[in-house]
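Asker: Okay, here's the structure, questions in a sec.
The values are calculated or read from the model by the stated rules, or taken from the named source; none is laboratory data. Given the structure is predicted, the values throughout are model-derived calculations rather than measurements. Note that we place each Cβ from the backbone using ideal geometry, even for glycine, and neighbour counts take in every protein chain shown.
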Amino acid sequence: MKNFQQEDQDLLHKESGFLTATLQRRSFLQYAGAGAAGIALIAAGCKKDNDNNTQNGGVDLGSGDVGILNYAYALEQLEAAFYDAVIKTPYANIPASELALLTDIRDHELAHREFFKKALGTSAIPALTVDFSSINFSVRQNVLATAKVFEDLGVSAYNGAGKLIKSADYLVLAGKIVSVEARHAALIRDLIENGTFANSEVIDANGLDKARTPSEVLSMAQSFIKTSINASNLPS
Amino acid sequence: MNIINILEEIEKVDGDVYERLSPRRAAMKQFYSLGSKVAVAAVPLALGSMFKKAYGQTTSTVVDVLNFALTLEYLEYYFYQTGAATANLIPVGTPAVAAINTIRDHELAHVNLLKGAVTGLGGTPVSFVATQFDYTAKNTFPTVFSNYPTFLAVAQAFEDTGVRAYKGQAPNLMSNPGVLQTALQIHSVEARHASHIRQMRKAPAGGGVTALKPWITGANDSGVPQVNAVYAGEDNVTQAGVNIPGLGVSVSAATESFDEFLVKADVLAIASLFIK
């Protein structure tokens, strides 16, 4: 442990100019008051900044488990807003059975979103502004294709984030949600074309679903979100 | 899978990591050069193996979890394999044939992946053959391979159990991020299967269980009281101290929106009904 702290202090020292110059005030305050664990996380985030050049400010998801929960909260906000719009203006000639299923999914995403908001309390990021201008909500094909993207993306996001979570309780919580997202993904796929619930588009030769890093997920989701999201302090 | 980052992180704790690994240079070289040929999913498992050799750490907990998962995958694989191979069970000429074959193939892939993972960690994989399973569960489901709706009812129980089992073991894999991620990637596939099997059971040929949804409503929503244990606790509406209906959704939606885990002993109690 001593060795670990020394290494990190060396790293911080080397990059201290960078840190003070570019980290947001909030992160800097965390750094100033943080213990060894916090320092390690910020150092990791800082290194990632170097690699990815994501110095654009925006809504900061934060670091550690709070950061991962905010990341999930951001995705659930996106999904909830999408299904809310789907149910407010259902596509033409929607069968009652499909409306019922999509209404269920809307309720699930709403529950997820509100749960994260409540669980995060004052650490929660603000409400994001979505951009659904590319979606034609009156056309079934367009709505379901977007739903498929969101559900598959959500599954891969939780699958990739699991190993970044430090608390066993939060890991199980993420597990409780991701399997519901996978049930959604399979259903939406079957609505588009029966039998595609777990085809080779999403499941590889080892029978594994996709896992994506936060940066991969956010770059795919960002076109649907007006608010700029800063994930640079997330654990990696 | 950011291997370089993992190595860099370890280097911060242990500056000698590369030297420790160097006796395994051949393995490292193979690891990098074969990266494009070896299935990507095997990479975290291979990495786990490499670190175990380098550090000699005990991985018994992880191996135990993987063997537990392997047992469940064998249970599922031979179930679908037998079903798919039984004449006049799955309606010929319907999409059900391809769906069952797809699920069977995934379960076989999981068996092979987990076998390799256990071996890679220096453990001995558990082994089963088809005849070691009794899918009638001691005559609880005597028509499991002669009646299509019964077959699907048992399939649903297996898939929903599998989802709960992987979820419950995730915390036991936190020491090995690569294996944890792989387990999560299997977990969501089982959930996709469960979703589809439930849709198949809704169709008239599959039993016409019209109240069934792709997600779990309340506790045992399967219509099969014999599998109550599979759904015990699924009607939970409190998550991390938060009352979910209090957030503005119905009690049904609250139970559907979070799947619950099962501990190993409860899963084994269910699985043992099907093991001779």
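Asker: Please go through region A:160-204 and give me each residue that is more than 7 Å from chain B (Cβ to nearest Cβ), within 15 Å of B:Pro214 (Cβ to Cβ) and either among the hydrophobic types (A, V, I, L, M, F, W, C) or assigned to a helix (DSSP H, G or I) (or both), ordered by number.
Answerer: Matches in region A:160-204: A:Glu181, A:His184, A:Ile188, A:Arg189, A:Leu191, A:Ile192.
Asker: Also, quick follow-up: Would you check if B:Ala155 is of a type in the set (A, V, I, L, M), under 18 Å from the mean Cα position of the chain (by Cα), crowded, with 21+ Cβ neighbours inside 10 Å and under 18 Å from B:Leu268 (Cα atoms)?
Answerer: Working: of a type in the set (A, V, I, L, M): yes; under 18 Å from the mean Cα position of the chain (by Cα): yes; crowded, with 21+ Cβ neighbours inside 10 Å: yes; under 18 Å from B:Leu268 (Cα atoms): yes.
Considered against the rule, which asks whether it is of a type in the set (A, V, I, L, M), under 18 Å from the mean Cα position of the chain (by Cα), crowded, with 21+ Cβ neighbours inside 10 Å and under 18 Å from B:Leu268 (Cα atoms), B:Ala155 comes out as yes.
Asker: For region B:160-210, give me the residue count where each residue is assigned to a helix (DSSP H, G or I), out of contact with any His (no Cβ under 7 Å at 6 or more places or on another chain) and either over 22 Å from B:Val227 (Cα atoms) or of a type in the set (D, E, K, R) (or both).
Answerer: 20
Asker: Ok, one more. Condition check: within 11 Å of chain B (Cβ to nearest Cβ), part of a loop (DSSP other than H, G, I, E, B) and within 20 Å of B:Val163 (Cα to Cα). Does A:Gly207 satisfy that?
Answerer: Numbers: within 11 Å of chain B (Cβ to nearest Cβ): yes; part of a loop (DSSP other than H, G, I, E, B): yes; within 20 Å of B:Val163 (Cα to Cα): yes.
Yes; evaluated as a whole, the condition is true for this residue.
Asker: So A:Thr129 ticks every box in (1) of a type in the set (S, T, N, Q); (2) more than 14 Å from chain B (Cβ to nearest Cβ); (3) surrounded by 24 or more Cβ atoms within 10 Å (Cβ to Cβ) but one. Which box is left unticked?
Answerer: Against the list (1) of a type in the set (S, T, N, Q); (2) more than 14 Å from chain B (Cβ to nearest Cβ); (3) surrounded by 24 or more Cβ atoms within 10 Å (Cβ to Cβ), A:Thr129 comes up short only on (3).
Asker: Hey, another quick one. Test B:Gln199 against the stated conditions and say whether it is under 17 Å from B:Lys167 (Cβ atoms), surrounded by 20 or more Cβ atoms within 10 Å (Cβ to Cβ) and modelled with pLDDT of 95 or more.
Answerer: Numbers: under 17 Å from B:Lys167 (Cβ atoms): no; surrounded by 20 or more Cβ atoms within 10 Å (Cβ to Cβ): yes; modelled with pLDDT of 95 or more: yes.
Taking the combined requirement at face value, the residue does not satisfy it.
Asker: Residue by residue through region A:88-114, note down the ones that are buried (at least 16 other Cβ atoms within 10 Å of the Cβ), under 28 Å from A:Leu69 (Cβ atoms) and not acidic (Asp, Glu).
Answerer: The answer is A:Leu101, A:Leu102, A:Ile105, A:Arg106, A:His108, A:Leu110, A:Ala111, A:His112, A:Arg113.
Asker: Scanning region B:165-180 for residues that are more than 16 Å from A:Asp169 (Cβ to Cβ) and surrounded by 22 or more Cβ atoms within 10 Å (Cβ to Cβ), which turns out nearest to the chain's Cα centre (by Cα)? It would help to see each step written out before you state the result.
Answerer: The first filter runs over region B:165-180 and keeps only residues more than 16 Å from A:Asp169 (Cβ to Cβ), leaving B:165-166, B:175-179.
Then drop every residue that is not surrounded by 22 or more Cβ atoms within 10 Å (Cβ to Cβ), which leaves B:165-166, B:176, B:178-179.
Working: B:Ala165: 7, B:Tyr166: 5, B:Asn176: 17, B:Gly178: 16, B:Val179: 13 Å.
So, considering only residues that are more than 16 Å from A:Asp169 (Cβ to Cβ) and surrounded by 22 or more Cβ atoms within 10 Å (Cβ to Cβ), the one nearest to the chain's Cα centre (by Cα) is B:Tyr166.
Asker: One residue is enough: does region A:95-110 have a residue meeting the conditions touching a His at 6+ places or on another chain (Cβ under 8 Å) and part of a helix (DSSP H, G or I)? Before you say what the answer is, go through the steps one by one.
Answerer: Restricting attention to region A:95-110, the residues satisfying the condition of being touching a His at 6+ places or on another chain (Cβ under 8 Å) are A:105, A:108.
Then drop every residue that is not part of a helix (DSSP H, G or I), which leaves A:105, A:108.
Scanning region A:95-110 turns up at least one residue that is touching a His at 6+ places or on another chain (Cβ under 8 Å) and part of a helix (DSSP H, G or I).
Asker: Could you tell me which residue of region B:191-229 is farthest from the other protein chains (Cβ to nearest Cβ), considering only residues that are of a type in the set (Gly, Ala, Ser) and under 19 Å from B:His106 (Cβ atoms)? Steps first, answer last, please.
Answerer: We begin by selecting, within region B:191-229, every residue of a type in the set (Gly, Ala, Ser); these are B:191, B:194-195, B:203, B:205-208, B:211, B:218-219, B:222-223, B:229.
Restricting the remaining residues to those that are under 19 Å from B:His106 (Cβ atoms) gives B:191, B:194-195.
Details: B:Ala191: 4, B:Ala194: 7, B:Ser195: 4 Å.
In this case the residue turns out to be B:Ala194.
Asker: Which condition does A:Ala157 not pass, out of (1) in a helix (DSSP H, G or I); (2) surrounded by fewer than 20 Cβ atoms within 10 Å (Cβ to Cβ); (3) within 14 Å of another protein chain (Cβ to nearest Cβ), if it passes all the others?
Answerer: Only one criterion in (1) in a helix (DSSP H, G or I); (2) surrounded by fewer than 20 Cβ atoms within 10 Å (Cβ to Cβ); (3) within 14 Å of another protein chain (Cβ to nearest Cβ) is unmet by A:Ala157, namely (2).
Asker: Still on this structure, I have one more. From A:Val149, A:Val139, A:Val143, grab the single residue that is away from chain B (no Cβ under 13 Å), within 28 Å of A:Asp204 (Cβ to Cβ) and surrounded by fewer than 18 Cβ atoms within 10 Å (Cβ to Cβ).
Answerer: Values: A:Val139 fails: within 28 Å of A:Asp204 (Cβ to Cβ); A:Val143 fails: surrounded by fewer than 18 Cβ atoms within 10 Å (Cβ to Cβ).
Selected residue: A:Val149, the only one of A:Val149, A:Val139, A:Val143 that is away from chain B (no Cβ under 13 Å), within 28 Å of A:Asp204 (Cβ to Cβ) and surrounded by fewer than 18 Cβ atoms within 10 Å (Cβ to Cβ).
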